[in-house]
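We did not get these values from a lab; they are worked out from the coordinates using the rules stated. The structure presented is a predicted model; accordingly, all values stated were derived computationally and were not measured. As a convention, Cβ positions derive from the backbone with ideal geometry for all residues, glycine included, and neighbour counts pool all protein chains shown.
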Amino acid sequence: MTDGAERVAACMCGQLRVTASGDPDLVVACSCFECQRRTGAPFGVGAYYARASILSIEGESKKFTRGTEAGRTFTNSFCPECGSSVFWELDMRPDHMGVAVGCFADPQFPGPVRAVWAENSHHWVAYPDDLPVFEQAAS
């Protein structure tokens with residue numbers, strides 16, 4: 001992708017949209033139980049953008065704040081119409097915002113650079129050999 005090109009993430013109904021500039025700073029696959037419940041899948045994949053790279057958030061969102069397995073605070077923003085989890089904030093990354101990779105609906109989107117909370121992975125999940133895998137949160 002060209003630096004500065006825009007990427008748009010949207011919920012299923014299109015009501016909630018996040019526009020970001022360029023590629024994310026970090027992409028992580030997370031198998032913590034909270035991400036499994038948030039996504040309804042065996043793991044979530046989040047793209048972390050510096051807040052300065054978030055060009056706009058359009059539409060209405062509903063927020064849900066909870067604690068994490070690592071003792072942090074996680075605020076999830078989702079569409080009140082279709083329920084899609086679109087973006088979130090973590091107190092451990094106050095200068096970044098996480099955006100659900102699937103909401104970009106782009107098969108060419110950059111892949112994860114690490115997997116975390118692998119101790120909670122379903123027994124049939126296999127990670128690529130070249131992907132750093134952490135049993136819990138990466139430092």
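Structure data summary
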{"quantity": "J(HN,Hα) series, the stretch 93-98, from Karplus relation 6.51 cos²θ - 1.76 cosθ + 1.60, nearest Hz, glycine and proline x", "calculated": "10, x, 8, 10, 10, x"}
{"quantity": "From phi via Karplus (6.51, -1.76, 1.60), per-residue ³J(HN,Hα) for the stretch 128-134 in Hz, x at Gly/Pro", "calculated": "x, 4, 8, 9, x, 10, 10"}
{"quantity": "In sequence order, calculated HN-Hα J values of the stretch 38-53 (Karplus, 6.51, -1.76, 1.60; Hz; x Gly/Pro)", "calculated": "5, 9, x, 10, x, 6, x, 10, x, 9, 9, 10, 4, 4, 5, 8"}
{"quantity": "Distant-in-sequence amide H partners of residue 55 (H built 1.01 Å from N, under 5 Å)", "calculated": "19, 20, 21"}
{"quantity": "Per-selection metrics, the stretch 6-120 (Cα): Rg and Dmax in Å", "calculated": "13.0, 36"}
{"quantity": "Given charges at Cβ of Lys, Arg, Asp, Glu: the chain dipole, positive-most of 64, 92, 50", "calculated": "64"}
{"quantity": "Sparse-neighbourhood loop sites, GluC sites (Glu not before Pro) in the stretch 85-139 - DSSP loop, at most 14 other Cβ within 10 angstrom", "calculated": "135"}
{"quantity": "The chain, dipole about Cα centre (Lys/Arg Cβ +1, Asp/Glu Cβ -1), debye to the nearest 20", "calculated": "420 debye"}
{"quantity": "Cβ-based charge dipole, the chain, positive-most Cα from 80, 101, 16", "calculated": "80"}
